[in-house]
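First comes the structure, then the notes that go with it.
The values are calculated or read from the model by the stated rules, or taken from the named source; none is laboratory data. This structure is a prediction, so every number in the text was calculated from the model and none was measured. Using ideal geometry, Cβ is built from the backbone for each residue, glycine included, and neighbour counts are taken over all protein chains shown. Note: accessible area is taken over every heavy atom of the protein model, side chains too, but ligands, DNA and RNA are not part of it. Shrake-Rupley method; radii C 1.70, N 1.55, O 1.52, S 1.80 Å.
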Amino acid sequence: MQTNPTSSLPPLASPPVVGEARDRLLARVAFEAVWERDLETDALTWDGNLESIFGYSRDEVAGHHGWWREHVHSDDLERVEQAAIQAIKGDALGWSSEYRFRRKDGSWAWVASRCAIERDPHGKARRAVGAMMDVTQLKETESRLRLFTEQIPARACVTDRDLRVVWDGGAGFSANPSVVGKTVQELFAQSPDRERVLAGCRKALAGESSVLDIDDGTSAANLHLQPFRDPAGNVTGVVGMAVDITDRVRSEADVQTGQRLLRQVVETLPVGVSVVDRKGDILLVNAASKRIWGDIIVPGRERWAQSAGFWHDSGAKIAPSEWASIRALSEGQTSLNELIDIVTYDGQEKTIQNSAAPIRNAEGAIVGAVIVNEDVTEQVRAAEALRDAERLLVDAEKLGQTGSWEQDLVEEQIVNTDANLRLFFGDDRTKGERLEDYMEAVHSDDRAMVVRRREELLAGTGSGDIEYRVVWPDGSVHWIFGRATVVRDPSGRPLRVYGTNADITERKRAAEELERRTRQLEALSRRLIEAQEAERRAVARELHDDFGQVLTALKLNLQRRERDDSESIALVDGAIARMRELAQDLRPPLLDEFGLEASLRWYVEREAKRAGLAFTVTLGPLEQRPPAAAETTCFRVAQEALTNVIRHAQARVVDVEVSQSGGILQLIVRDDGQGFDVAAARRRAAQGGSQGLLSMQERVGLARGELEIDSAPGRGTSIRARLPLAGIST
């Protein structure tokens with residue numbers, strides 16, 4: 001809402017006595033809860049109506065402006081304060097605004113506030129007197145009125161006294177955009193009916209209604225113009241209702257089509273809608289309303305006598321005079337979403353939300369009522385079932401030694417079972433009523449995570465499951481597993497949160513022990529492989545140096561013999577060659593002396609030629625020589641993969657590729673063989689079979705690397721190993 005400088009207020013003369021000034025200022029505002037503010041000290045006083053309207057007793061209200069600021073909605077505060085500051089600093093006699101104000105029960109009330117300013121002879125603002133009026137129901141009624149008007153083929157506008165449009169609604173002339181902010185003179189500047197419309201508006205401002213038929217050549221309308229009055233009866237503008245009569249002018253048949261369309265709109269509504277006249281006779285009822293009441297709608301006032309209804313909260317029977325529609329017709333009362341239980345005319349038991357509002361004619365007389373019913377039987381039963389489940393949860397807690405809790409987010413109250421308090425505080429029962437008690441009990445290393453996860457849960461973006469540590473008053477640390485659920489209102493606002501907690505300290509300790517043992521096993525396996533490689537290196541060296549020398553000497557001795565002993569020499573040559581191959585298989589000297597590239601190229605070429613395989617070896621440029629452990633792991637994986645290809649794959653071609661990028665050494669071995677079931681092979685490896693696959697997995701795992709095997713029967717195999725160079729110890 002824009003600031004109203006209240007220029008209509010009379011200027012203040014020299015300051016009269018305080019009592020007289022207060023009376024004069026109060027006379028200039030329409031109020032419910034009246035306040036006075038000293039603009040020099042910001043002291044603020046309220047009358048007794050604050051308690052009846054918003055629920056705050058006098059001893060709960062602080063006597064300063066800051067108390068009011070704390071209760072204004074954060075989305076409205078800056079706008080409202082700016083309006084006040086501008087009025088106080090300028091020469092305005094007051095200001096007015098609309099904003100949301102928090103009631104004592106935590107709900108928000110829409111208020112209309114108007115204030116008058118008292119200034120000294122120099123124009124300085126000294127004091128302000130104002131009033132706050134609860135217009136929440138008016139806002140809700142306005143919203144429902146807009147919803148209703150948007151479903152009828154008419155266009156309604158409200159202007160101020162300057163004939164500027166301040167409200168525009170309705171489904172009529174839907175092709176035309178909103179006209180809020182424009183003047184009537186601007187809207188009808190090109191219309192042949194401009195002067196007639198302006199004359200009708202002037203009559204409305206003078207308090208007289210009029211009806212005009214206007215037509216600009218493209219559309220025709222029946223325009224009703226009448227004065228718009230404030231609660232005091234003063235004319236503050238013009239209400240214009242434009243009914244599109246183009247179809248009626250062009251064709252009566254089209255008007256009938258529009259009426260059928262209106263009924264179809266009502267029929268498609270998912271809630272029951274009915275309209276009654278002043279006598280209570282049904283004028284309009286849709287199919288949803290008939291379904292709710294068992295396909296029978298009793299006419300006249302007999303309906304209230306025959307309808308069986310009970311207040312849901314108390315179970316008391318609803319008297320005929322207590323029905324919302326009766327109160328709307330007799331008292332003009334609007335009732336929204338009353339929860340009642342009914343027995344329908346065909347004997348069914350249902351729970352509905354019942355709303356009713358009076359319908360008034362142009363003179364304000366009640367001529368009927370509109371009734372809206374919504375069947376909420378399933379939702380209510382589901383909510384009650386949820387409460388039953390919560391009770392069962394408490395019983396289960398006693399058996400399972402877990403803890404349950406619930407927090408009312410509106411009242412900020414926390415309810416705990418004794419078991420839940422023990423999970424957080426041990427035997428200390430002096431804590432547990434405040435959320436801060438629980439946060440203080442959470443381990444300092446986990447506290448930020450717990451706060452973040454709670455915020456995500458309430459926002460609807462996070463899980464309700466969480467694990468964290470708490471520290472008891474005796475200093476002992478315990479692990480807790482928690483599971484929470486949030487209950488929200490129809491708009492999604494969280495109302496309460498509840499859940500269960502369980503002590504998982506023993507499980508966590510067991511998991512930590514298992515992890516420790518696993519790390520020990522990995523370290524042992526790593527040392528075993530390192531010892532195995534060292535032993536292979538030593539055996540290969542001894543075979544090459546010691547046994548190789550012996551066999552060479554034996555060959556020389558045989559050559560010195562006088563007679564020809566070529567057969568023995570050939571045997572010795574074979575033994576020497578086999579010994580060298582065995583030594584190279586145990587630990588290729590090339591791997592230690594020249595690195596991975598030379599040894600891998602030599603080994604693949606030798607084994608592929610022996611097996612009659614076509615092969616390629618692609619060695620990408622290595623940024624630097626990898627650590628010895630990485631070279632050994634990569635070579636052994638290639639050795640095992642090539643052995644499997646030769647023994648099992650029945651392949652014709654094998655490709656070996658080594659590359660290095662971003663600190664990762666990558667080995668790929670591909671073949672075009674018969675392939676195999678990878679999942680089945682992994683299961684055999686886990687059970688002690690398929691030692692080659694198990695060896696590759698263990699070596700790569702100990703190197704903190706990744707091993708991928710892509711294969712299937714009939715389409716070959718690809719083995720890919722990625723080894724992080726920085727994570728492999730030498």
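Dividing the Cα convex hull volume of region 103-165 by residue count, how many Å³ per residue is that?
Spelled out: Cα convex hull of region 103-165, divided by residues, is 131 Å³.
Taking 0.36 nm per residue of sequence separation and subtracting the Cα-Cα distance, how much length would be gained by fully extending the chain between Asp59 and Asn176, in nm to one decimal?
Stretched fully, the Asp59-Asn176 segment lengthens by 36.7 nm.
Assuming a viscosity of 1.306 mPa s and a temperature of 10 °C, what translational diffusion coefficient in µm² per second does Stokes-Einstein assign to region 401-478, Rh being the Kirkwood radius over Cα pairs?
120 µm²/s
Holding the Cα-Cα limit at 31 Å, pick out from Lys104/Lys350; Lys89/Lys203; Lys104/Lys182; Lys431/Lys508; Lys279/Lys350; Lys290/Lys317 the pairs that are longer than that.
Lys104/Lys350; Lys89/Lys203; Lys104/Lys182, as the Cα separations exceed 31 Å there.
So which lysines can Lys609 reach, going by Cα to Cα under 30 Å and dropping same-chain residues fewer than 8 places off?
Lys555
Over the alpha carbons of region 626-681, what is the largest minus smallest coordinate on each principal axis, giving the biggest first in Å?
Ordered largest first, region 626-681 gives principal extents of 34, 21, 18 Å.
Modelling each spin label as a point 7 Å along the Cα-to-Cβ direction, I'd like the Glu81/Arg429 distance in nm, to one decimal.
Rounded to a tenth, the inter-label distance reads 4.6 nm.
Just to make sure I understand: if all protein chains stay in place, what is the order of Lys431, Lys317 by accessible area at 1.4 Å, largest first?
Ranking Lys431, Lys317 by accessible area, largest first, yields Lys317, Lys431.
Which order do Met132, Met449 take by accessible area at a 1.4 Å probe, largest first?
Met449, Met132
May I ask you to give the percent of accessible area on region 127-260 that is carbon plus sulfur, with a probe radius of 1.4 Å?
Carbon and sulfur together cover 54 percent of it.
Quick check: net charge around Thr717, other residues with Cβ under 12 Å of its Cβ, Lys/Arg +1 and Asp/Glu -1? It would help to have the intermediate numbers written out before the result.
Details: positive: Arg670, Arg715, Arg720; negative: Asp655, Asp671, Asp672, Asp677, Glu708, Asp710.
Surrounding charge for Thr717 is -3.
Using a cut-off of 10 Å between beta-carbons, work out the net charge of the residues near Lys182 (Lys and Arg +1, Asp and Glu -1, Lys182 not included).
Result for the local shell: -1.
Can you give me the relative contact order of region 626-730 as a percent, contacts being Cα pairs under 8 Å and 6 or more apart?
Numbers: 191 pairs, mean separation 35.4, N = 105.
The normalised contact order for region 626-730 reaches 34 percent.
Which residues among region 456-495 fall inside the zone where the amide N is under 18 Å from a point 7 Å beyond the Cα of Glu506, along Cα→Cβ?
Of the residues in region 456-495, 477-482 have backbone N under 18 Å from the label point off Glu506.
Using the Cβ atoms and a cut-off under 14 Å, what net charge is assigned to the surroundings of Leu613, where Lys and Arg are +1 and Asp and Glu are -1?
Computed value for this residue: +1.
Given the peptides 60-67, 625-632, arrange them by the average over their residues of other C-beta atoms within 10 Å, most packed first.
Answer by packing, highest mean first, reads 625-632, 60-67.
Label Ser107 and Ser718 with points 7 Å out from Cα along Cα→Cβ: what is the distance between them in nm?
Placing both labels 7 Å along Cα→Cβ, they lie 6.5 nm apart.
If r is the Cβ-Cβ distance from Leu284 to Glu374 and R0 is 30 Å, what FRET efficiency results, to the nearest 0.05?
After rounding to 0.05, the efficiency reads 0.95.
If r is the Cβ-Cβ distance from Gln264 to Arg360 and R0 is 22 Å, what FRET efficiency results, to the nearest 0.05?
Between Gln264 and Arg360 the formula returns 0.25.
Report, as a whole number in µm² per second, the diffusion coefficient that Stokes-Einstein gives for region 320-449 at 25 °C and 0.890 mPa s using the Kirkwood radius over alpha carbon pairs.
Calculated translational D: 126 µm²/s.
How would His648, His122 line up by accessible area, probe 1.4 Å, largest first?
Correct descending sequence by accessible area is His122, His648.
For region 144-215, max minus min Cα coordinate along each principal axis, in Å, sorted largest first?
Projected onto its principal axes, the Cα set of region 144-215 covers 31, 26, 23 Å.
Starting from 0.36 nm per residue, how many nanometres of slack lie between Leu458 and Arg196 once their C-alpha separation is accounted for?
Full extension from Leu458 to Arg196 adds 88.5 nm.
How large is the accessible surface of Arg454 in square angstrom, using a 1.4 angstrom probe and rounding to the nearest 10?
About 60 Å², ignoring ligands and nucleic acids.
May I ask you to give the percent of accessible area on region 592-730 that is carbon plus sulfur, with a probe radius of 1.4 Å?
48 percent
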